[in-house]
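Worksheet for the structure shown next.
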Amino acid sequence: MKSVRQTHRFFVLLCCLLVGGLVDSFSVSSTTRSVISRVGNQAVLPCSWKSRLGEEAPPTCHIQWTTPPGIVFEQQGHNKWQAEAFQDRVEVPEEKLGSGDCSLIINDVQIGDTGRYESFMVVDGVKSTKTRVFIQSVKLSVFDHKSHESRGPGEDLVLDLYTQHSLRVVFQGRNSSQWSDLWMRGDEDSERLEKHPVKEQLTMKKLKSSDEGTYKVLDGHGLAVSTVQLSVEERATAPRVQQTWENQAAADDAARSSCSALLLLLSLLVTSFQTLRLL
């Protein structure tokens, strides 16, 4: 009988733990937004302080955005502060802040920006103290770019670097297991490799079959900004187009020959008709 009571008590406790876990999970997911972006793009982390503070704006909007390591961005009036890793890349538009929009804009997002961000409004508390009011939690996921390109021998390949934080490009041949450095930021242009003077693009000229393989653009932390699978193969389109043109020319010749034959036949019929009338 005692063992039955213990089993029943354990079952009730387990149910409570499960229900508590579900409630906690639901409460977290209901307050956390998700944003997905790719390296080099702009990400907007949504935030509205009216959902927590009501319709009336504080005398001075003092907003904070944080991640687990610390503060990412802080703004009080015209005074702003940015973490070193986000320098010149983050902002909360001041013209929108007063109307309730405290969204954080991250420009030129990086793989390392992935994580959970939380926003707070700092307001006046009792006895001239400051109180932080939680506003919004946002999970940001940043992914690299992936693509497959096909070129013919002698053609060019333009590799997008996507961001000024791209540091180098590495290459792995189709039948190789080794990676080799192809380009480093600051390298001089070569006969076959040229960095665009303004755009974040790298051009490989006059491709050869040995250029077939995988190209990775890496940032300063060795994280992939993009991965490109390149195939170098003979183009089958040009011969087919040439053959089509040849077939069209042959058809045109045949049509002209048929037209000439019809005109000759018509001329003979007219002549024969005129001869019959004279007889």
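Summary table below
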quantity: When each of Lys146/Lys208; Lys139/Lys199; Lys146/Lys206; Lys146/Lys216 is checked by Cα-Cα distance, pairs over 20 Å; calculated: Lys146/Lys208; Lys139/Lys199; Lys146/Lys206
quantity: Efficiency of FRET from Cβ geometry, Phe143 and Ser209, R₀ 41 Å, rounded to 0.05; calculated: 0.85
quantity: Amide N of the stretch 30-47 lying under 17 Å from the label point, which is placed 7 angstrom from the Cα of Asp101 along Cα→Cβ; calculated: 42-47
quantity: The stretch 58-208: relative contact order as a whole-number percent, Cα under 8 Å and 6+ apart; calculated: 17
quantity: Proximal charge balance of Ser231 [Cβ under 9 Å; K/R count +1, D/E count -1]; calculated: -1
quantity: Ordering of 69-77, 186-194 by packing [mean C-beta count within 10 Å, highest first]; calculated: 69-77, 186-194
quantity: Hz values of 3J(HN,Hα) by residue in the stretch 157-162 - Karplus curve (6.51, -1.76, 1.60), Gly and Pro given as x; calculated: 10, 9, 9, 7, 8, 6
quantity: Pairwise centroid distance, computed over Cα atoms, of the stretch 83-118 with the stretch 141-173, Å; calculated: 27
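Values quoted throughout were computed directly from the atomic coordinates according to the rules given, and no laboratory measurement underlies them. It should be emphasised that the depicted structure is a prediction, and the values quoted were computed from it without experimental measurement. All Cβ positions, glycine included, derive from the backbone under ideal geometry; neighbour counts span all protein chains shown.
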